[in-house]
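The values are calculated or read from the model by the stated rules, or taken from the named source; none is laboratory data. Bear in mind that the values here come from a model prediction, so they are computed numbers and not experimental data. A quick note on method: Cβ atoms are made from the backbone with ideal geometry, for glycine too, and the neighbour counts reach across all protein chains shown. Each accessible area value is taken on the protein alone, full model and side chains, heavy atoms only, with ligands, DNA and RNA left out. Shrake-Rupley method; radii C 1.70, N 1.55, O 1.52, S 1.80 Å.
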Amino acid sequence: MASDLHSEYPLTEAQILEFQSDGFVHLCSVLSTDTLREYEESISACVQEHNPLRERQIQDRTTYELAFIQVVNVWLESSKVKELVFIRRLAQIATQLLDVSGVRLYHDQALFKEPGGGLTPWHADQYYWPLSSRNTCTAWIPLQDTPPEMGPLSFSRRSHQYEGGRDLVISDESEAFLEKDLSERGFEYVMNGFLLGDVSFHYGWTYHRAEPNRSNLMRKAMTIIYMDEQMMVKESGRTEQVTDQKAFIPGRLPGEPADTALNPRLYP
Ligand SMILES: O=C(O)CCC(=O)C(=O)O
């Protein structure tokens, strides 16, 4: 097992402040290329086995389905992938960025954008989450170098402070509304390529998107979603949040801790 899975990554005060004020941070050389090559194979095998779009012809797909192949809680499918999701270094970074005492897993997802795959529309993840506070973040881990033409994750700087559009599901409508609204309000669009080993972290309320994959290679990314270890389940009438609650915090009711067997504490 690679040593970077368990040692800590020294974050500077400036990087923590950048995350908290911009809503995201792009960190370089967080994981070694050897580590990622080792895990890429296991994640790809799980995506191939559980690909929910296998039977869906391109012309029949929705915008969401054209954006990526999505497989959730991959750690439950493979002990190898579980090693990566439980990686101490990433959970330590999430804990420090969120400035909390520790973090639990909300869930993980592999997001593979196919060659020629469409854009990921503007959205904020927390729209979907029945969670009581904003202390959540996602680590976006590309599994190969991801230059702009492959559709790296991109962000709207400081948009986690902005509440407009928070009732929009990922869709053509969220893309059209937020593209115009965020730019008219002066939020800066930040799109940079990633090298293998780079990892970005963004708050659950930070608006983000990804360009289409214009290359002829699969854009493979693994994501790990962390939440404050003190997180509670929030009362919600939103269908997507009720669905998420059943899938990712099964058996817990609003007002109870989000600490089921699917939400192990990953740090400290
Ligand atoms: O990988 C993508 O295209 C989108 C990823 C995303 O929305 C996320 O990780 O929150």
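Within the range 199-222, identify whether any single residue is in contact with a strand residue (DSSP E or B) (Cβ under 9 Å, 6 or more places away or on another chain), touching a residue at least 12 places away in the same chain (Cβ under 8 Å) and more than 13 Å from the ligand (Cβ to nearest atom), and answer yes or no.
Filtering the range 199-222 down to residues in contact with a strand residue (DSSP E or B) (Cβ under 9 Å, 6 or more places away or on another chain) leaves 199-213, 218-222.
Pick out the ones that are also touching a residue at least 12 places away in the same chain (Cβ under 8 Å) and you get 199-213, 218-222.
Cutting the leftovers down to more than 13 Å from the ligand (Cβ to nearest atom) gives us none.
No, the range 199-222 has no match at all.
May I ask you to say which residue of Phe19, Phe68 is surrounded by 21 or more Cβ atoms within 10 Å (Cβ to Cβ) and either touching a Ser or Thr at 6+ places or on another chain (Cβ under 9 Å) or of a type in the set (A, V, I, L, M) (or both)? Spell out how you get there, then give the answer.
Details: Phe19 fails: either touching a Ser or Thr at 6+ places or on another chain (Cβ under 9 Å) or of a type in the set (A, V, I, L, M) (or both).
From the options Phe19, Phe68, the qualifying one is Phe68.
Out of all the residues in the range 182-203, which are acidic (Asp, Glu) and open to solvent by 20 Å² or more (accessible area, probe 1.4 Å)? Before the answer, list the steps.
Kept after step one, since they are acidic (Asp, Glu), are these residues of the range 182-203: 184, 188, 198.
Once the filter is applied, which keeps residues that are acidic (Asp, Glu) and open to solvent by 20 Å² or more (accessible area, probe 1.4 Å), the range 182-203 yields Glu184, Glu188.
Does the range 165-174 contain at least one residue that is assigned to a loop (DSSP other than H, G, I, E, B), basic (Lys, Arg) and exposed (fewer than 14 other Cβ atoms within 10 Å of the Cβ)? Walk me through it before giving the result.
Filtering the range 165-174 for residues assigned to a loop (DSSP other than H, G, I, E, B) gives 165-171.
If we keep only those that are basic (Lys, Arg) too, we end up with 166.
Restricting the remaining residues to those that are exposed (fewer than 14 other Cβ atoms within 10 Å of the Cβ) gives 166.
Taking every residue of the range 165-174 in turn, at least one turns out to be assigned to a loop (DSSP other than H, G, I, E, B), basic (Lys, Arg) and exposed (fewer than 14 other Cβ atoms within 10 Å of the Cβ).
Between residues in the range 163-176 that are touching a residue at least 60 places away in the same chain (Cβ under 8 Å) and within 13 Å of the ligand (Cβ to nearest atom) and residues that are open to solvent by 20 Å² or more (accessible area, probe 1.4 Å) and not in a loop (DSSP other than H, G, I, E, B), which pairs lie under 6 Å by C-beta distance while being six or more apart or on different chains?
What qualifies is Ile170/Tyr64.
Tell me, yes or no, whether the range 38-53 has at least one residue that is out of contact with any helix residue (DSSP H, G or I) (no Cβ under 7 Å at 6 or more places or on another chain), hydrophobic (A, V, I, L, M, F, W, C), in contact (Cβ under 8 Å) with a residue 12 or more places away in the chain and buried (at least 18 other Cβ atoms within 10 Å of the Cβ).
So far as the range 38-53 goes, yes, one or more of its residues are out of contact with any helix residue (DSSP H, G or I) (no Cβ under 7 Å at 6 or more places or on another chain), hydrophobic (A, V, I, L, M, F, W, C), in contact (Cβ under 8 Å) with a residue 12 or more places away in the chain and buried (at least 18 other Cβ atoms within 10 Å of the Cβ).
Looking only at the range 148-158, filter to residues that are in contact with a Ser or Thr (Cβ under 8 Å, 6 or more places away or on another chain) and more than 13 Å from the ligand (Cβ to nearest atom); which one of those is least open to solvent (accessible area, probe 1.4 Å)?
Ranking the candidates gives Glu149 first.
Show the residue pairs meeting these rules: Cβ distance below 8 Å; 6+ apart or different chains; first residue within the range 130-141 and closer than 15 Å to Ala221 by Cβ and touching a residue at least 12 places away in the same chain (Cβ under 8 Å); second residue open to solvent by 10 Å² or more (accessible area, probe 1.4 Å) and within 15 Å of the ligand (Cβ to nearest atom).
That search, which allows pairs on different chains as well, returns Thr138/Asp125; Trp140/Leu153.
Looking at this structure, is Asn135 within 15 Å of the chain's Cα centre (by Cα), modelled with pLDDT of 95 or more and open to solvent by 30 Å² or more (accessible area, probe 1.4 Å)?
Numbers: within 15 Å of the chain's Cα centre (by Cα): yes; modelled with pLDDT of 95 or more: yes; open to solvent by 30 Å² or more (accessible area, probe 1.4 Å): yes.
Against the criterion (within 15 Å of the chain's Cα centre (by Cα), modelled with pLDDT of 95 or more and open to solvent by 30 Å² or more (accessible area, probe 1.4 Å)), Asn135 qualifies.
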